[in-house]
Amino acid sequence: MIVSVFIALFLYIFQPFGFVNFTGNKILLSIAFGIATSIGQLISIYIIKGYFLRRWVKKWLFIYEVISISSLLLIISFLNWLCFYLFVFPVVFDATIVAYVFGITFCVGLIPVLVLNMIEKNQQLKRELQYHINPSVIEVNKDSYAGRSITFISLNKKDKPLVIDVNSLIYLEALKNNVKVVYFDNEEVKQKWIRNTLSSTLMLFHENHIVQCHRSFVVNLHHIVSAKGNTNGYQLISKASSDPIPVSRKYAADFQKVLH
């Protein structure tokens, strides 16, 4: 609807591409092009993308998004040519006019379609992320990990091992060859530095809610209360601190797979 209204207003206000020379009712013609845009979007969403691509494609990749957007613009171009043929220049089929109308449609429609598509994708990712970290949705079944503890052993032999319950872990943060373990101890947030690497420490965990989200961070999704970000990365807020935990672009794709 937004794209359709944009097209109709754009044509009526600026009257580009010879639209100013049209001697009929310009308001109705602008609305006709807007309606054609809506119909094209419905065909693309529910038939091209919603049926064929979703039916044939198991994993949605960037190339399929390009195909979807291209098919949308082609369908809208054809419907715009139909409006042009019926209301503006009702003559015998002319390939030059078809190419002209298709070129206009791509020039006018490409930017708003791409921008709105990017906004919609970012909003969708935010909704999915918020859904999966929402405490009312995630049920932490502590009984399933009853008695399961994690022992962090320092490479420095003088340091005592740190033993915590797997559910009490909030996040891990790496700094060079040290790992900061942030965890709950009787509802009190504590932290301890362990002499070890993050990759070695991560091998202690087998739970799918313990996720590496950054080259320096591993987070327990059960203790995340909010998130913000877009396709380039996220920032997570944990129960332990208001300081954000980054989800870098490198790990964003794998992080989204865990959420799905």
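The values are calculated or read from the model by the stated rules, or taken from the named source; none is laboratory data. Since the model is a prediction, treat every value here as computed from it, not as a measurement. So basically every Cβ, Gly included, is an ideal-geometry build from the backbone, and we count neighbours across all protein chains shown. Quick note on the areas: whole protein, heavy atoms, side chains included, nothing else; ligands and nucleic acids left out. Shrake-Rupley method; radii C 1.70, N 1.55, O 1.52, S 1.80 Å.
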| message | For a quick check of your reading of the model, give me the residue pairs whose first member lies in the stretch 12-36 and is closer than 20 Å to residue 100 by Cα and of a type in the set (Gly, Ala, Ser), whose second is open to solvent by 90 Å² or more (accessible area, probe 1.4 Å) and assigned to a helix (DSSP H, G or I), with beta-carbon atoms closer than 6 Å and at least 6 apart or on different chains. | response | 30/12
| remark: By residue number, the members of the stretch 53-73 that are surrounded by 12 or more Cβ atoms within 10 Å (Cβ to Cβ) and without any contact (Cβ under 8 Å) to a residue 12 or more places away in the chain are 54, 57, 60, 64, 70
| said: Of everything in the stretch 177-189, what is more than 18 Å from residue 153 (Cβ to Cβ) and open to solvent by 70 Å² or more (accessible area, probe 1.4 Å)? Give them in sequence order. | reply: 186, 187, 188
| field | Failed item in (1) closer than 30 Å to residue 215 by Cβ; (2) modelled with pLDDT under 65, with residue 170 passing the rest | value | (2)
| request: Select, from 210, 164, 194, the only residue that is free of Cβ contacts under 8 Å to residues at least 40 places away in the same chain and open to solvent by less than 40 Å² (accessible area, probe 1.4 Å). | output: 164
| note | Among the residues of the stretch 1-41, the number that are open to solvent by less than 90 Å² (accessible area, probe 1.4 Å), among the hydroxyl-bearing types (Ser, Thr, Tyr) and either over 18 Å from residue 69 (Cα atoms) or touching a Phe, Trp or Tyr at 6+ places or on another chain (Cβ under 8 Å) (or both) is 1
| field | Odd one out for residue 93, checked against (1) modelled with pLDDT under 65; (2) open to solvent by less than 70 Å² (accessible area, probe 1.4 Å) | value | (2)
